[in-house]
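The structure under discussion appears below in the form of structure tokens.
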Amino acid sequence: MKKSVLLFIAFFTATILWSQTTIKGIVTDKSGEPIIGANVFLKDTYDGTSTEADGSFEFATTETGEAILAITYIGFEDFEQAVQLNGGELEINPQIEETANELNMVTISAGAFEASDEKKAVMLSPLDIVTTAGATADIAGALNTLPGTQAVGEEGQLFVRGGAAYETRTFIDGLFVQNPYSSRVPDIPARGRFSPFLFKGTMFSTGGYSAEYGQALSSALILNTNDLATATTTGISLMTVGLGASHTHLWDKSSLALSGNYINVAPYNSIVPQDRKWDKPFRGYDGQIIYRKETSETGIFKLNINGSHGSLGLQTPGFEDVTKTNAFALGNDNFYLNSSFKEILDEHWTLRTGLSYSYDKEEIRELFSVNTNEQSAQAKITLTNNVGQFFKIKFGGEYLLNLYDQKFISSAGEEFTTDLTDNYGAGFAEADIYLSKDFVARLGTRTEYSDMLEKWNIAPRISLAYKTGKKGQFSLAYGQFFQTPEKELLRFGTNLNYEKADHYLINYQILGKKRTFRIEGYYKTYDNLVKQENFTTNNSGNGHARGFDIFYRDKGGTLKKADFWISYSFLDTERDWREFPQAATPTFASRHNASIVYKQWLPKITSSIGFTYSYASPRPYNDPNTDGFNEGRTPAYHDLSFNISYLTNIKRHFTVLYASVNNIPGFKNKFGYRYSNTPNDDGTYTGIAVKPAAKRFFFVGCFISIGQRFSKDNGVTSGDLN
Amino acid sequence: MKKTIIFLLSFAICSIAFAQNDKYIAAMKKAVAQVDTARTLDDFKAAGNMFERIANAEKNQWLPYYYHAYCQVMSAVDVMNHGDLKATVPYLDKAQESIDVAKKLLPDNSEIVTMQGYIYQGRIWENPMIKGAKYGPKSSGVLDKAIELDPNNPRAYYVKGQGIFYTPAFFGGGADNAKPFLEKAKELYEKEERTDGLSPTWGSFYNNYLLKEANK
């Protein structure tokens, strides 16, 4: 008995000794550099170790048979290899691969300026938009300091690379925005209807953008709204032009925000002298409802509702005789609802859906009257599949119903009505193919059909990007872009085709931790532009634009707690369109544009100050007293703006005091000239300069956040502010 | 003879089962001793590797996952202190993975919830100006819950106090607002005793440091 036990034990011990395997080797990366501190172990066992300073490891195991050797290391892909444990020594020298992620992977960069807090390629954050002097917290105002844009002071919209304002389209959560700007008033710049604080990310593409977006000849402004609110707060804003209040409530998985503003420019106009005569300065109110619901750990439903009413009256130069003015009055009601749903279905598939509805009513009274009603409803679905780390495919479709009716009554009492209905559908597919983590190709195509035009189009898009080093990368892009002609042109008949643009881009950028540099050259051709003669239209217009953009941003890299960027754009463009008698540079295109934006954070007085200087070379205008067309040139445009934000507490409520002034030196800017339609007695046409409504614009505001979460014990943000 | 063999076999089986638990306790004690004395990035990485290996063998124990997350957070603290803000992200991603497993194994545990609050606080470091607005309140809310779950958990007060300490005063942060939390944490740390040799006791070192700074 005793013997058998001893034998049993001896046998057992021998088995252990005999079956012990030593595993050793050196872990390196793909370039052969040793990896220090990697975790090397046998799966589902305790056996393992960390690699030494030379990447080597050695450990013993009593496991036998088949096992899996696993290696993990931060920033590298998990490594697994099947091994046979038969006792003795096993040598394995694994090479592990760096994880391809946003930080080290090539991204499509041609044409795109991303402003986001989620992505790597941050050019401007939402907060940057608000603190840019001269932008008056307007998204388009801040984007106008980026290269590729042309300063067109009397419009307030984005003009990109020789394109007219309508060629830039705005998208919110992937859906078209029918009226992104306030109603157009002659020679008064429009403002965006949406606050920059609504968005967590802004992508401003100046060309060559994704097949997901259509109906924009020049540029896409892609805005992505915030997710769930982060805190329950109440806010009050007091401004020189009005006041506002908001309340946000945060529950466990949902949030609701309600806000409203009342704007009345009359008190401001009575203090600051205006060059235009206002019969009724702008007065209006608006309200927003923002609802978020996290439907699961990965799903989110978003609802944004925006309604506004505004009216104004001012004197505008007469059409027949510019020296006489007529009363111009405008009333506008706007409603916009945007809802979207996003869910990650499984590890490969992501679903995005969206529904939107827009309503806009505009009434204009001058000697003539125009009543316009426009409605649209849109549905969109997008599916993304990450087939693997190096292949991603995105496809989807959208449908848009647009109803437009306009009644125009001329000063002589003639009535013209336009009634348009468009059923528009589009489908798109796009694949991102990574040949390595340094080289990516994006191939996409988009097809559209409009039943109003009764025409199809197919638009191919291609982008390539190649990473030349840790910071530098080259990109190339080509794409075709189609856009349905503007409504004003369709009232003479819908027998028109899409206007078309081809973009060719080449881009080089260096993205450092604190410095960014990019240069981009482009060439664009325009075809099928609408020409208008008397009351007929056709698609015989065309044009081109070419130039280059340079951008440099330095965020604390050279000057402490200072952030500045410099933009320069060169543009050479001509087009033959609309009522042009020949190809010419349009009045909105200036050859040289430059901006310098400088911001300094002053921790001692918890304030941020900023300056923006903008320059635009002379713009063309047409003087009917000369033979040529569009050969007049305005003086160059200059602006120097300043702003200051002071952060403080009023009775423990977080408060921002904000002040800004545009055109400090008082440059006498002229945007163009307006001429009488009929010659005067000596046979010449009288002209007057188009100027800003006032030489300078002042703004003072105070924004108070009454949130128990702000003041009592916990903060909003942590760490140094810059 | 037969009886003896059956007895021996059942004894062997039992001892294997016990041995497994002993193995766990022994491995954990070693790893916890390592994390208790860890100061540098390499220390935390090595300790983190040990916890990862234990979690790999014992998939139903929450402590290895919890400690693994802690080692990742401390590694992120180290790279942040060396100025590489972006490098904090992969560590915090890994910490989040582990704490998600811990949460599933043991829901509503004050220590685990505190670690979640610390991870959210860490998310701010990547870009304080932008991430602060999102993760500041998120971290704070989670830490409130941790205190509610166990009002005697010193780490919940310490991490919360730390968040307030580094928040600018005009956002309701600063040393004065942090002090009550740090003092409460100190009081609880002094009473804290580790009976099983494994439960978390970290945090008093930095809590004392912050309290000293706050009293300057």
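The values are calculated or read from the model by the stated rules, or taken from the named source; none is laboratory data. Keep in mind that what you see is a predicted model, and the values were worked out from it rather than measured. Here Cβ is always computed from backbone atoms with ideal geometry, including for glycine, and neighbour counts include all displayed protein chains. These accessible areas exclude ligands, DNA and RNA; they are computed on the full protein's heavy atoms, side chains included. Shrake-Rupley method; radii C 1.70, N 1.55, O 1.52, S 1.80 Å.
Overview of values
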read-out	value
Options A:Leu303, A:Leu258, A:Leu314: the member that is hydrophobic (A, V, I, L, M, F, W, C) and in contact with a His (Cβ under 9 Å, 6 or more places away or on another chain)	A:Leu258
Sole residue being touching a Ser or Thr at 6+ places or on another chain (Cβ under 6 Å) and surrounded by 18 or more Cβ atoms within 10 Å (Cβ to Cβ), chosen from B:Asn49, B:Asn56	B:Asn49
Enumerated helices (runs of 4 or more DSSP H) restricted to segment B:122-208, each holding at least 1 residues that are more than 8 Å from chain A (Cβ to nearest Cβ) and open to solvent by 50 Å² or more (accessible area, probe 1.4 Å)	B:128-149, B:175-191
Selection status of B:Val73, part of a helix (DSSP H, G or I) and open to solvent by 20 Å² or more (accessible area, probe 1.4 Å)	no
Counted residues, segment A:626-669 - those being open to solvent by 30 Å² or more (accessible area, probe 1.4 Å), charged (D, E, K, R) and either closer than 30 Å to A:Leu127 by Cβ or within 14 Å of chain B (Cβ to nearest Cβ) (or both)	2
Condition check for A:Lys599: in the same structural domain as A:Lys487 (by TED's automatic domain parsing) and free of Cβ contacts under 8 Å to residues at least 40 places away in the same chain	no
In segment A:669-692, the residues that are part of a loop (DSSP other than H, G, I, E, B) and within 37 Å of the chain's Cα centre (by Cα)	A:Asn669, A:Lys670, A:Phe671, A:Lys691, A:Pro692
Qualifying positions in segment B:127-166 - in contact (Cβ under 8 Å) with a residue 24 or more places away in the chain and over 29 Å from B:Pro107 (Cβ atoms)	B:Asn127, B:Phe165
Residue count, segment B:46-63 (criterion: assigned to a helix (DSSP H, G or I) and within 11 Å of chain A (Cβ to nearest Cβ))	12
Residues of segment A:342-354 classified as in a strand (DSSP E or B) and more than 20 Å from the chain's Cα centre (by Cα), total	5
Selection count, segment A:75-102, where residues are open to solvent by 20 Å² or more (accessible area, probe 1.4 Å), modelled with pLDDT of 90 or more and of a type in the set (A, V, I, L, M, F, W, C)	3
Per-region count, segment B:98-121, residues acidic (Asp, Glu) and away from chain A (no Cβ under 11 Å)	2
Every residue from segment A:588-602 that is open to solvent by less than 60 Å² (accessible area, probe 1.4 Å) and either in a loop (DSSP other than H, G, I, E, B) or farther than 30 Å from A:Asn643 by Cβ (or both)	A:Phe588, A:Ala589, A:Ser590
Residues of segment A:663-677 classified as touching a Ser or Thr at 6+ places or on another chain (Cβ under 8 Å) and within 15 Å of A:Gly134 (Cα to Cα), total	2
Subset of segment A:416-444 [β-branched (Val, Ile, Thr) and surrounded by fewer than 18 Cβ atoms within 10 Å (Cβ to Cβ)]	A:Thr417, A:Thr418, A:Thr421, A:Ile433
Restricting segment A:231-242 to residues that are polar (S, T, N, Q) and in a loop (DSSP other than H, G, I, E, B), the residue that is least open to solvent (accessible area, probe 1.4 Å)	A:Thr232
Residue list for segment A:389-403, filter: modelled with pLDDT of 95 or more, more than 22 Å from the chain's Cα centre (by Cα) and within 25 Å of A:Ala441 (Cα to Cα)	none
Flag for A:Gly75 being out of contact with any strand residue (DSSP E or B) (no Cβ under 6 Å at 6 or more places or on another chain) and under 23 Å from A:Gly37 (Cβ atoms)	yes
Matching residues, segment A:411-467, being more than 30 Å from A:Ala327 (Cα to Cα), among the hydroxyl-bearing types (Ser, Thr, Tyr) and in contact with a strand residue (DSSP E or B) (Cβ under 8 Å, 6 or more places away or on another chain)	A:Thr421, A:Tyr424, A:Tyr434, A:Thr445, A:Thr447, A:Tyr449, A:Ser450, A:Ser463, A:Tyr466
Those residues of segment A:256-299 which are under 30 Å from A:Leu228 (Cβ atoms) and among the hydroxyl-bearing types (Ser, Thr, Tyr), in sequence order	A:Ser259, A:Tyr262, A:Tyr285, A:Tyr291, A:Thr295, A:Ser296, A:Thr298
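Table: residues versus (1) in the same structural domain as A:His309 (by TED's automatic domain parsing); (2) polar (S, T, N, Q); (3) free of Cβ contacts under 8 Å to residues at least 24 places away in the same chain.
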position	(1), (2), (3)
A:Leu250	yes, no, yes
A:Ile263	yes, no, no
A:Arg276	yes, no, no
A:Asp279	yes, no, no
A:Phe282	yes, no, no
A:Tyr285	yes, no, no
A:Arg292	yes, no, no
A:Thr295	yes, yes, no
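For every residue, the table says whether it meets (1) aliphatic (A, V, I, L, M); (2) surrounded by fewer than 17 Cβ atoms within 10 Å (Cβ to Cβ).
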site: A:Ala327; (1), (2): yes, yes
site: A:Tyr336; (1), (2): no, no
site: A:Trp349; (1), (2): no, yes
site: A:Phe368; (1), (2): no, yes
site: A:Thr384; (1), (2): no, no
site: A:Ile409; (1), (2): yes, yes
site: A:Glu414; (1), (2): no, yes
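Yes/no matrix, rows are residues, columns are (1) open to solvent by less than 60 Å² (accessible area, probe 1.4 Å); (2) under 26 Å from the mean Cα position of the chain (by Cα); (3) over 23 Å from A:His309 (Cα atoms):
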residue	(1), (2), (3)
A:Gly244	yes, yes, no
A:Ser255	yes, yes, yes
A:Val265	yes, no, no
A:Ser270	no, no, no
A:Arg283	no, no, no
A:Gly287	yes, yes, no
